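To start, the structure itself, in structure tokens.
The values are calculated or read from the model by the stated rules, or taken from the named source; none is laboratory data. Everything numeric in this text was worked out from a predicted model, so none of it was measured. Cβ placement follows ideal geometry from the backbone for every residue including glycine, while neighbour counts extend to all protein chains displayed.
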Amino acid sequence: MFASCLAASALADPVPTRGFEVDTSNRNNVVAFYQSVFQASEGYRDRINWTGNYTSTAAGAEGTTSAAFAGDVERRLNYFRALCGVPADVRVNTGFTVNIQEADTYKPDPSTTKAAAAQRSALMIARTYPNSGGLNHNPPQSNTAWTTAAWNANKNGNLALGFFGPGAVDAYVQENVVGISNWNIDVGHRRWLLCHWSTDFASGDTPGLFSGNSVRPPSNAMYVVPRAADANFNIDPLFHSYPAAGYFPVEHNSPYWSLSYHKADFSAATVTLRDAALNVLPVSVVSRRSGFGDNSIVWQVPASAAIFSVTGDTTFHVTVSGIQGENVPTVHSYDVTLFDPQRLNQSGVVTGQSSPLAAGSTYQVSGLEGVEQVEAGMFQRKAATWVEGAEDSPAPKVIAKASSTYPFLAAVAGFAKSGTKAFHLTFPTRYDPMINGVPQQSFELDREIVPGTGSALTFQYRRGLMTPATKLAVESSVDGGLTWSNLTTISGGGGTSDAAFQASSLPLPSAGSPLRVRFRFYLSDPTSSLYAHEDYPTAATGIFIDDIGVSAGDWLEPWGTVKASGLTSFAFNSTTAGTSIGSGTWWLRARAYLGGKAFPWGAAKVVTPRGQFELSGSTTPPVSGANYNFLGDPAATSYRFEVSAPGAGAWTEGAETAPPPQIIAQTSPAYTVLSTLTGFRKSGARSFRLGLATLTDPEDFFMVERDATPSATSALEFWTRRGPMAVTNRLHVELSTDGGNTWTSIWNLPGTKKADKAMTRQSVSLSAWAGTAVKFRFALRNAGGNNLKWNASKSGVWVDDITVTNPSPVLWSKETTIAAGATTVTLNEVIAGRPLVVGQTVQIRLRPMYGATAGAWGPALLVTPSALSASLTGFAAYQAYEYPSQSLAFDADSDGDGMVDGIEYAFSTDPTRPSVAADSIAITVERMEISRDLPTERADVNYNAEWSDDLTTWSSEGVDVRIEGGKIIASAPIGGPSRVMRWVVLQK
């Protein structure tokens, strides 16, 4: 109910102060109500504009407060009334006059307004301090600044010292007020504020003062007891509780829970409190008194229910029995769910392509229901090369929560590490009456950091005057600032400043989520002494921080956003991002807005856009193949699609033990192919040896077990040295282009009877085989006659350091022509020219053709066929391998042609291009028949058909479906003249 008026109120300025309703059974409604209405009254201290003073007791010394401040109070009061279900349209400081009873001891002028009386009462409370007599509902005339008007306001009001304005309203409903009456236990303050027949209140306030060592706490007098004429007794009575039934912000909780009903008798009532597991919890009824607004019963809850923070929603069940009274229900049961309104039980989810084209794509948003607006954000992940300083330019990316009474961006000589300024945190004052303590100061880096392995937060700091109880906590948050974890704490050094800046490097946790960093300055012991700016305005108090950075880490640079009510999809492209998206990695995230507050971003969809002619699809396709999408060029007349096997790069084959030689040898057992003969090797300790060990031995050889694809400039290089052998012996280098099935000699060296004196470098051009995968072997053969007598140590030929220079980067390749206008190519064994093999990587790439002129190749994509890919079957495999760039769903209509993706899948039509495939119709005397092509019968689909005579009621009675000859045919009995048939496809 509240959500509908929130959209208007969130945009209005100022936020309305009354007329609220909220459905507390709806969590998001309460979150929105809290964020827009409760938060709108925060900051009231800056709007009070009190015109009074603490030095005089004369008329007028009480001063006045601003209309905006009165609106803050009125809004806060109506906020709590709406939460608790009572009319939330009461007014504050309207000019209504005081409530004077005949029996009153003191009577002010009847024309005195409640606002004037309450304001005088607030001054009396503050001026009488530290005596508590100002909080008396029958204050003595001895009180400072006492007047009959102040007496009247005390008699008819809620009274507070240490609170004012909306803060006093909070304290009253929670009964967090120290006074001299039993009103706390009777929850009288709360009962008067939530009295369902009240219509008008007045608030008197002073903001407090701290000067020197003199403390003057703030004060409030809330005029709550109305004249009978000002009440509305025509409102039907109703149960209202505190905490309220339904979802209730946990920070408003109280140890004293209550249930109220006008004219109810709670004298014999009992209370049963259960937790979420229905365990009974102990409670103590502390009050059944009437006379404070609506009649009420009050009970004190145990510590497990008297909580003021939660990380998850916490529900309690309440039953109050034995209620008496005319027309009053005897039993009232309700649930209270305490929750944190800064947390949503939802998180935005972005889905879509991981590798979209550089032109962009559309992404879906889900997970955020019942929110006012959904925002999609686009962030580019970049190396964190920035250094955050406090200079005027560039403006620092920080969120400061520091007092304006001292310079946060401080130019203090010697207290800037670089430039002229540093971030400065210090205590503005020794005591703040509003918080009854020392105000902490902080600032947060307005950057989201993505730590990696070894990432660290780095900064420089120099302490000024800081007592040991003064601390700087450096903290990180992975949930958008909801919770913070300590990275380190720096303590003050006492009455002397650091002589120079110190460097700090703090390891950052690699949590998998972006994190935020803040620096928080606080006093760890409230009784400790401290250095405050107001006491030492010219001294360097506090701490100075400069040159903040991150090492070995990234950050998310924010770019464009798309925000709308009910946003379910958005376009990610260079226009919406506000910059080119063609390079780098992007994080796409979604978040909710409620009550005008932006909640933390959800998990990221990590996206790496791809450019023109860049292929997108599975990198682990099945051996049967897969489809790959690309962004083409309308001017291209065709494309060339290349499939190749990446080469292993340059290699040198030696005979060393490590790495072990990759050869297959067929040699005589009279010698070893791996020789250690000194002088017969080019490098290392071994070389290859071939010899003919008997007079008639025809051949010994070894084959190099390496693939090589020469380029046009490649050569086979190796070193040889011959020992004594017959001149009819020849060493052949042979080449195979079919994996070793057949061999061709491409070089030979005849034998010599006189041994070579040294190793000789040999080089054989391979340009004739450029682009062809080849293998090599070295064979020693006898061309005729007998071999020389075998010498076990000297006979034969030695070979070492075999290599192919300038090899091609691919082992083999095959190109296929693709038609102009295509956006998809297929990789399979036909296109590759050979079977795809599990574990054997292939490279695919595409280039355009402009007539006979070839354009540049697009980026290459390496794919490795996998047996695991077979685990994807049916529609899931269809999505992953045939349409990898589309987010298909069986019941979705991706191309908007009226046929859902499941139908397109079942009948093998294209779900990315709108089309209508008409059925063939045949009619006989008894039956009608529809049919269409069925290129592939899907194993995970049930094919059925139905008929109807009115397009409303459908039946499968008498329907026969058969598949034959590449077609699917369905027939049904002939019916009326309007009978129609349709296909029904169900996923198994």
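Within the stretch 941-965, the set of residues being closer than 26 Å to Q879 by Cα and either among the β-branched types (V, I, T) or modelled with pLDDT under 90 (or both) comprises V941, I963. Filtered by the rule that a residue be surrounded by fewer than 19 Cβ atoms within 10 Å (Cβ to Cβ) and not polar (S, T, N, Q), the stretch 252-282 gives P255, K263, D265, A268, R274, D275, A276, A277, L278, V280, L281, P282. Among the residues making up the stretch 37-58, those that are of a type outside the set (F, W, Y) and either at positive phi or touching a residue at least 60 places away in the same chain (Cβ under 8 Å) (or both) are V37, Q39, S41, E42, G43, R45, I48, N49, G52, T57.
Put simply, of R430, R462 the only residue that is in the same structural domain as L515 (by TED's automatic domain parsing) and either at positive phi or part of a loop (DSSP other than H, G, I, E, B) (or both) is R430.
Under the condition of being closer than 22 Å to V224 by Cβ and among the hydrophobic types (A, V, I, L, M, F, W, C), the residues counted in the stretch 35-67 number 5. I need a count of the residues in the stretch 465-505 that are loosely packed, with under 14 Cβ neighbours inside 10 Å and either in the same structural domain as A598 (by TED's automatic domain parsing) or out of contact with any Pro (no Cβ under 9 Å at 6 or more places or on another chain) (or both). Residues in the stretch 465-505 being loosely packed, with under 14 Cβ neighbours inside 10 Å and either in the same structural domain as A598 (by TED's automatic domain parsing) or out of contact with any Pro (no Cβ under 9 Å at 6 or more places or on another chain) (or both): 12 in total.
Scanning the stretch 288-304 for residues that are among the aromatic types (F, W, Y) and either within 9 Å of D186 (Cα to Cα) or at pLDDT below 95 (or both) turns up just one, F292. Of all residue pairs spaced 6 or more apart or on separate chains, those with beta-carbon atoms under 6 Å, a first member in the stretch 226-240 that is assigned to a loop (DSSP other than H, G, I, E, B) and a second member that is β-branched (V, I, T) are N232/T199. Select from the stretch 779-799 the residues that are surrounded by 23 or more Cβ atoms within 10 Å (Cβ to Cβ) and among the aromatic types (F, W, Y) and list them in ascending order. W798, the sole residue that qualifies. Selection of the stretch 83-109 for residues being of a type in the set (F, W, Y) and either outside any loop (DSSP other than H, G, I, E, B) or more than 27 Å from P166 (Cβ to Cβ) (or both) yields only Y106.
Considering the stretch 819-855, the residues that are free of Cβ contacts under 8 Å to residues at least 24 places away in the same chain and of a type outside the set (V, I, T) include one that is farthest from T637 (Cα to Cα), namely R834. Scanning the stretch 597-613 for residues that are in contact with a Lys or Arg (Cβ under 9 Å, 6 or more places away or on another chain) and on the phi < 0 side of the Ramachandran plot yields a total of 9. Scanning the stretch 44-82 for residues that are within 11 Å of G165 (Cβ to Cβ) and β-branched (V, I, T), which turns out surrounded by the fewest Cβ atoms within 10 Å (Cβ to Cβ)? Out of the qualifying residues, it is I48.
Of all residues in the stretch 304-311, none are over 30 Å from F96 (Cβ atoms) and part of a strand (DSSP E or B).
Can you pull out the residues in the stretch 506-517 that are in a strand (DSSP E or B) and buried (at least 19 other Cβ atoms within 10 Å of the Cβ)? The answer is L515, R516, V517. Yes or no: the stretch 281-290 includes at least one residue that is closer than 12 Å to F316 by Cβ and aliphatic (A, V, I, L, M). Yes, there is a match, as at least one residue in the stretch 281-290 is closer than 12 Å to F316 by Cβ and aliphatic (A, V, I, L, M). Scanning the stretch 390-397 turns up no residue that is touching a residue at least 24 places away in the same chain (Cβ under 8 Å), in a strand (DSSP E or B) and of a type in the set (D, E, K, R).
The set of residues from the stretch 578-605 being outside any strand (DSSP E or B), more than 17 Å from the chain's Cα centre (by Cα) and within 30 Å of R27 (Cα to Cα) comprises G595, G596. One residue is enough: does the stretch 371-383 have a residue meeting the conditions assigned to a loop (DSSP other than H, G, I, E, B) and outside the structural domain of R518 (by TED's automatic domain parsing)? Yes.
For the residues G654, G649, the requirement of being over 41 Å from the mean Cα position of the chain (by Cα) and at positive phi singles out G649. Within the stretch 315-345, can you find the residues that are modelled with pLDDT under 95 and either polar (S, T, N, Q) or touching a His at 6+ places or on another chain (Cβ under 7 Å) (or both)? N327, N345 - these are the residues of the stretch 315-345 that are modelled with pLDDT under 95 and either polar (S, T, N, Q) or touching a His at 6+ places or on another chain (Cβ under 7 Å) (or both).
Scan the stretch 171-190 and tell me whether some residue there is over 25 Å from A264 (Cβ atoms), outside any helix (DSSP H, G or I) and hydroxyl-bearing (S, T, Y). Taking every residue of the stretch 171-190 in turn, none turns out to be over 25 Å from A264 (Cβ atoms), outside any helix (DSSP H, G or I) and hydroxyl-bearing (S, T, Y). Note on the stretch 617-637: among residues that are out of contact with any Gly (no Cβ under 9 Å at 6 or more places or on another chain) and either of a type in the set (G, A, S) or at pLDDT 95 or above (or both), the one that is surrounded by the most Cβ atoms within 10 Å (Cβ to Cβ) is G617.
Across the stretch 920-939, the qualifying residues are those that are crowded, with 16+ Cβ neighbours inside 10 Å and not hydrophobic (A, V, I, L, M, F, W, C), and the one among them that is nearest to D960 (Cα to Cα) is E929.
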